[in-house]
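No lab work stands behind these numbers, since they all come straight from the coordinates. Since the structure is predicted, the reported quantities are computational estimates derived from the model, not experimental observations. Here Cβ is always computed from backbone atoms with ideal geometry, including for glycine, and neighbour counts include all displayed protein chains.
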């Protein structure tokens, strides 16, 4: 059976498995009326947001679909069509994942009444649905289109992968807006709810008297579940496509179709090992080490992938060095997890230093947190450059003689664990919501204790996911960058050299390097603006609706949901347009060399800023948690007040600006690849 | 008369003029006994720090002197010797400038008793001494060594400039440590004094009861005067040298010595126009617009330079396009000033937004400030890439046919205003100290009002200086980067292409891009650690010395000075070693291509981070000032408390980490240039 068919079958299998998990999760008890009512509010808010987001994006998608179809000089229809499907599949994965997450939350709260492991199972399997949906739809899209283009449309093997970029671009576009919109939504609701509720009114987190409490819970889902799902859908699709394009343009003539289809086979393998891994996540009777349970699943997936990869590589390429390049990708994933955990977990010195610095106030808490984020780029960059070096060397010393193919395979191997990583991340908002529901429905204390235990590891798993996402985004972007060079060569017969000493490349580097700064700045301010509108509404409700504080009147939750929905959708437009317009303007005005420089610049600073922001945010968050656990004076102390400030700053850092940079990096790279045939020789600077 | 002789004479003239200014400043009244006593404490503390700093650096300097002399394959003696003189001249400029600053402060306070303009004159001329000392010694060093190498040692014109890199490296090394040590000193003392004095004890800024008050005033001098002076000494020397090296290696054969000596002529011109500009800084009777007075001086200098440049260029090169490239540099300086002022002055919306965001607490103040800093990179990068593009185009379309020479001349033209920029910056600590002395000596309120008025523009001039410094550092670094490529070519006969698509260049880019993050992280934490030791000492004194709070006992100021001196010197070692070791390790282990990538990476992210940090810090500082002026509730309000937190975070951002990045960028580039002959072909990755 061909690897392409195998990949298609594997993705169908995973989709089926997702349905099995959905049935399992939905079959669980959903608790009493109060719980169901709260859960319904969250469901409605989340779905309303997603519907409106996709409606807004449908306009963009349609315009770009038409542009691609009519403006592209070659194969416009194929690229436009695969673009459309990429966008739709990404949206679909978001719908499925979030639809389950907002139903798993209340069932997790219910399960937490009786057992920690029971609750873990519901929450994790709810998250695993998103994981499987994302991976299977991405793989189905890539393998399906590849099959379609080669088998039905009769494109030659060295040309077909180039058309898949449309699918990747569709995924990138949705990912960009979903990350940006979701990120603004979740933090605007969170900050807005906290500023009035916690600080002005002194009521606890998730208190049903807070009019923004439902919006806050909705935010967890649209940000961490739908946004993150779209992000990794795109990473998965684009990484696979980049590897195939690179193979098609440099290796097919000498080594045949196998080099293009090998990544698909690895994709199929990853799906199977993810399904296996899911069943390794469980807690023994009386055990409470949740993080270990989650890791066990990921490690099981990694081991199954490694073993499978050995046989697949031997069978298809008969080259041990390419196998080792894949292992580099898996080891890199592991090391990134370890480093991220070191910088963001309450067990290690960075978070403890932040907590200690909080004793002398918010100023020192912030300086300390900023330093932790900046510091964390050091080990991450060392890991990434070592992985680049090792996988390049292995690829170069393989029978394929291609260092860049080695890098591409390392990146593809990282995808084996994507499903598990998504599951671990999606699990976060489910347990977070479960805790919120338990609080709002006034469930007994031991329920909240169980959901809190589940939620406690959420900060770390979320940080780990972000580290994973940006590292794999960087590797994928590097492969896209190579493909961009090849594409220029093919279309102009000119070998473009992106020499830093060339002033055009340099100008591009500066511009590209600046983009993540500009983009983050915009997002940080957008959160501030959107949060401010929430604050005003919450204050208004406390003022106008008598009896909220006494618990005799019900706040108008849906008003807050509505306000933050509108604000997030409005604020996502400008950064989205900046990201899409930047490479087009630079490409057509300053030319292919400047655009190449821009790609390099955006990869470098995008990676650094994303790591910096995610880890600083995670560390601030857990610094607060560490103090709340009773250290440095505990809740209510000066240190705690300082740590709350740090956490507030960290929120848009880690959940809005930081993660949106992955999408920025890749949308710019995919657009460059698409416009490459048109810009060679027509630009101002030549 | 040859341009070299002219430059030497001009620098001697400037040194003489500095002496005239010194005599003028020292001739002013120094106030009553109380004032003189306070001033003496500051003088002693500042000089003690500078002495110990230079003693520590003497060891480093000696080791590197010997290494250069014995390890360099060619002309080791000449490079080592010019290195030593570069280090000594830089130190000398620091001594002269700071020696005058710590005497001008008390005289400014005294002059402020009678007139605002009188006080401005003393403070500004005190600052102008540093400006003239820095510019004249730098120009003397470069022109002098060039004369020595070509005339006495008989080196050919195309080789002599290459030896000047030793002088530049000496300047870079001192600049690196002075910026780092001074930056840590000033902010550790400031933060330490504020945390206990203002926050714990509730006593005002500059209160003589605060045991760290003298250390705080010393810090202004060692950071903003000595540190900044060393920074711009290095920028001046290295920019000039880079332009000459570039001309020597690419244009001398075709166009003769004139292309090498033209930058020296521009240097001589800049000295003269700086002297002219100094006399344009004055306030009319009853006028209070101090910023306008300072700008008038800078603009006068710019205009004189522009006119002179026209005639010099016509005479020496007879090429109008090179003249315009110089104008690009001057216009860029102006635009950078405008943009920096926009982002950091209380008159415009960014600072006002931060002040407004302070109403909802420290969290929103911080988010807003971080966003302002990140945003400000956008216009700055647009200005810089436009300048690169324009000056490249002009150089390319000149009779010299060299785009890079165009960039080099734009950078050299920027140096015309260096003296004025330093004067404006050095003026800051003088007026800041004057205010402190007025407070401590309990002078009448109108004195403090005058010094406050002078000090108010200090935040903006300091931010403008930093913007200027990093932009000119970036241009200079680009020219150094070109020179690095030429040097590799000369030594290996191989044309190295720094293609971003090459994995070695890419690894270097990642590593170089990460360095400013690592470096800033270290400095931020170092300030925290050093501040903490000050906090402990201040708390101890309040506890052990009875009567401090009542004003009946005198705190042990010198203990605090001593502690922060030791802490700053200790903390400056590690970042200094990182900066020096990084290019050497990468060059010898990963090779010339990776080192080239590293240079590119450090220039890009170093520039972005420096702009980001300086402007965010300046904006936070002035956000606080804006509130203190009575907006958003004024002093003591919630907004004010929030703004104090923002200012505390901004302190190490703008005065420690941000400015040290200029030095980092250039020290790495000069080291690369020095080791270039040795690394071609010997490294691990080839």
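Computed from label points 7 Å out along Cα-Cβ, the spacing between residue A:2 and residue B:495 is 4.4 nm. Computed over the alpha-carbon atoms, chain B gives an Rg to Rh ratio of 0.97, Rh here being the Kirkwood radius from the mean inverse distance. Principal-axis analysis of the Cα atoms of chain B puts helix B:228-250 at an angle of about 10° to the longest axis. The other copies place their residue B:316 label points at 6.3 nm from this one, listed shortest first, where each point is 7 Å from Cα along Cα→Cβ. Distances between equivalent label points of residue A:289 across the copies, with each point positioned 7 Å along Cα→Cβ, amount to 7.1 nm, shortest listed first. A protection proxy built from the mean count of other Cβ atoms within 10 Å ranks the segments A:503-512, B:325-334, most packed first, as A:503-512, B:325-334.
Here the extension length gained between residue B:401 and residue B:310 equals 30.9 nm, from 0.36 nm per residue of separation less the Cα-Cα distance.
Summary value for chain B: 21 percent relative contact order, contacts being C-alpha pairs under 8 angstrom separated by 6+ residues. What residues from the stretch B:272-301 fall in the zone where the backbone N is under 15 Å from a label point 7 Å along the Cα-to-C-beta line of residue B:386? The answer is none, because no backbone nitrogen lies closer than 15 Å to the label point. Were the residues from residue A:37 through residue A:77 laid out at 0.36 nm apart, the gain over their Cα-Cα distance would be 9.7 nm. Extending 7 Å from the Cα toward the beta-carbon at both residue A:63 and residue B:62 defines two label points whose distance is 6.9 nm.
A point 7 Å from Cα along Cα→Cβ stands in for residue B:52, and the other copies hold the same point at 6.1 nm, listed in rising order.
Between residue A:296 and residue A:55, the contour length at 0.36 nm per residue exceeds the alpha carbon distance by 82.8 nm. Based on Cα contacts under 8 Å between residues 6+ apart, the stretch A:1-119 shows a relative contact order of 34 percent.
For chain A, the longest principal axis of the Cα atoms and the long axis of helix A:165-193 meet at an angle of about 20 degrees. Put a dot 7 Å past the Cα of residue A:253, heading toward its Cβ, do the same for residue B:92, and the two dots end up 6.4 nm apart. Shape class for the stretch B:1-143: oblate, because the ratio a/c of the largest to smallest gyration tensor axis (alpha-carbon atoms, square roots of eigenvalues) is 1.5 or more and b/c is at least a/b.
The helix-based estimate of mean residue ellipticity at 222 nm for chain A, built from -39,500 (n - 2.57) per DSSP H run of four or more residues and divided by its residue count, is -28000 deg cm²/dmol to the nearest 500. Helix A:76-111 and the longest principal axis of the C-alpha atoms of chain A enclose an angle of approximately 30°.
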